[in-house]
Amino acid sequence: MYTHGHAESVLRSHIWRTAENSAAYLTPHLQPGMSLLDVGCGPGPISADFARLVAPGRVLAIDPAAEVIRTATASADSASNPNLTFAVGDIFAVADQLPPGAGSFDVVHAHQVLQHLSDPVAALREMRRLARPGGLIAVRDADYAAMSWYPKLPALDRWMDLYQRIARFNGGEPDAGRRLLQWAHDAGFNQVTATASVWCFSAPGQREWWGGLWADRMRDSALAVQAVTGGFATAGDLRAIARGWRQWAEDPGGWFTVVHGELLCPA
């Protein structure tokens with residue numbers, strides 16, 4: 001189960017992502033003419049950036065959620081990115097879903113995907129199978145336990161505990177960032193480049209945006225529904241956490257970092 005779901009407050013952050021702020025570890029390796037598979041693409045802004053970077057090479061962007069693929073397709077600029085195709089697809093079934101003659105890919109990429117899978121090692125093996133010999137597998141995932149913020153508000157501590165419990169109940173690993181290297185070794189990769197990078201939200205507009213979207217998720221998202229129906233929290237608990245996010249966003253000294261692990265694995 002995808003813990004976040006696809007509420008507006010979730011897509012608000014997904015649409016914000018770009019190759020510059022979410023895949024800078026990979027972009028120096030992209031060249032015109034390459035073929036790229038973007039796994040778990042969401043609404044597709046990173047995919048669109050990739051399409052521009054590898055043009056005239058092709059980009060196939062897949063996500064198992066049909067509704068988010070419809071959003072990506074509707075918002076795509078087909079004139080600017082004629083080499084970009086969105087399709088409903090699952091990493092564990094991509095090989096069977098590719099059109100005849102599609103072949104393998106120079107780059108297989110996944111951003112914030114492995115943390116939601118019950119078998120991330122198997123997913124890495126499948127990504128390798130989809131890459132051509134000499135191709136590149138690139139993954140980036142957040143590490144929730146490594147996130148840090150100021151001021152230290154009890155409501156945000158409760159948010160972290162709640163998210164960790166729900167994500168693991170759903171079969172995921174919210175602290176995926178620190179585990180990527182071991183997962184790659186378990187998947188049989190020998191030559192791996194492991195790095196880390198952060199998102200930092202500290203300017204007033206950044207705090208308003210980041211705190212606001214998490215406050216909204218506590219009120220109306222798949223995460224909020226799962227919290228209540230699964231017995232992890234009450235509606236009152238969620239309202240208190242949402243107020244904590246608003247309080248953090250309004251603090252002139254508010255600061256939040258999201259730490260990510262990154263991997264580049266030659267196929």
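The values are calculated or read from the model by the stated rules, or taken from the named source; none is laboratory data. From a predicted model like this one, the values you see are computed outputs, not experimental measurements. The area values use the complete protein model at the heavy-atom level, side chains included, leaving out ligands, DNA and RNA. Shrake-Rupley method; radii C 1.70, N 1.55, O 1.52, S 1.80 Å.
In the chain, what percentage of the DSSP-assigned beta bridges are antiparallel, given to the nearest 5?
Numbers: 19 of 38 bridges.
If we restrict to bridges inside the chain, about 50 percent are antiparallel.
Over segment 200-267, the hull volume per residue, using the convex hull of the C-alpha atoms, is 125 Å³. Counting only protein heavy atoms and a 1.4 Å probe, segment 56-191 has 45 square angstrom of accessible area per residue. Legend: Rg and Dmax of segment 150-267, from Cα coordinates, 16.8, 49 Å. A straight line joining the Cα centroids of segment 6-20 and segment 115-150 runs 19 Å. Once the Cα atoms are used to define both axes, helix 235-250 deviates from the longest principal axis of the chain by about 80 degrees.
Stokes-Einstein, applied to the Kirkwood radius of the chain over Cα pairs at a viscosity of 0.890 mPa s and 25 °C, places its translational diffusion at 129 µm² s⁻¹.
Take the Kirkwood radius over Cα pairs of segment 43-99, plug it into Stokes-Einstein at 4 °C and 1.567 mPa s, and you get 113 µm²/s for translational diffusion.
Contact order normalised by length for the chain, with contacts defined as Cα pairs under 8 Å and 6 or more residues apart; what percent is it?
23 percent
Divide by every residue of the chain the summed helix terms, -39500 (n - 2.57) for each DSSP H run of at least 4, and state the resulting mean residue ellipticity at 222 nm, rounded to the nearest 500 deg cm²/dmol. Helix contribution divided over all residues of the chain: -12000 deg cm²/dmol.
Of Met160, Met127, the order by accessible heavy-atom surface (1.4 Å probe, DNA, RNA and ligands excluded), from most exposed downward, is Met160, Met127. Using a probe of 1.4 angstrom, how much of the accessible area of the chain is carbon and sulfur, in percent? Looking at the chain in its full context, I get 54 percent from C and S.
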